[in-house]
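Below: the structure, in structure tokens.
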Amino acid sequence: MFSKGRLIGVGVGLFALICLVTTYDYSRGRVPQTDSALVAEVLAATTARECGRDATEIVGRHIPVGIDQAAAEKILATIAIVPPRPWFWTPAIENATTWSGDTLEALHTIKATAFGTNLLRIHLTFADGKLKRLAAEVVCRFG
């Protein structure tokens, strides 16, 4: 019914179409919309290939050492993106906060694509209601 050459052509055409759709979808997820100045600054300083990048300096400009705990938590609550609209994939948006003694760990999605997500992980240590230590990094999750 079909010759071997036509089947190969159809296969190459389908592969090209899948690559085009995936590339288009990936580019749609590259620049997320956000109202958070912190997220915008972290995204401007990082690229998709920078997994494990230290973001302590950037986060420190928005959540300085010595800030009240309530004020720091309020800033953390503003860290959010507008997720891309799904059309053949569902964006994985993760926002979590965990307390362990005087240490708060916040994990927020700052970029979502069909291939994975970039998360901003922030560790805050408080003493006497004030921020004493801060660490932050960009973490990538694929799949």
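Values quoted throughout were computed directly from the atomic coordinates according to the rules given, and no laboratory measurement underlies them. Computed from a predicted model, the values in this text were never measured in an experiment. Cβ sites come from the backbone with ideal geometry, for glycine too, and all protein chains shown count toward neighbours.
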Partners for Lys132 among lysines (Cα-Cα distance below 27 Å; same-chain residues under 8 apart left out): Lys74
Based on the alpha carbon coordinates of segment 83-143, what radius of gyration and maximum Cα-Cα distance (Dmax) apply, in Å? 14.4, 48
Which whole-Hz couplings ³J(HN,Hα) result when phi for each residue of segment 70-75 is put into the Karplus expression 6.51 cos²θ - 1.76 cosθ + 1.60, θ = phi - 60°, listed in order with x for Gly and Pro? 4, 5, 5, 5, 5, 5
For Lys130, which aspartates and glutamates qualify as cross-link partners when the Cα separation must be under 14 Å and same-chain residues fewer than eight apart are set aside? Asp68, Glu73, Asp102
If you add up the charges near Leu104, with Lys and Arg at +1 and Asp and Glu at -1, over every other residue whose beta carbon is less than 12 angstrom from its beta carbon, what do you get? 0
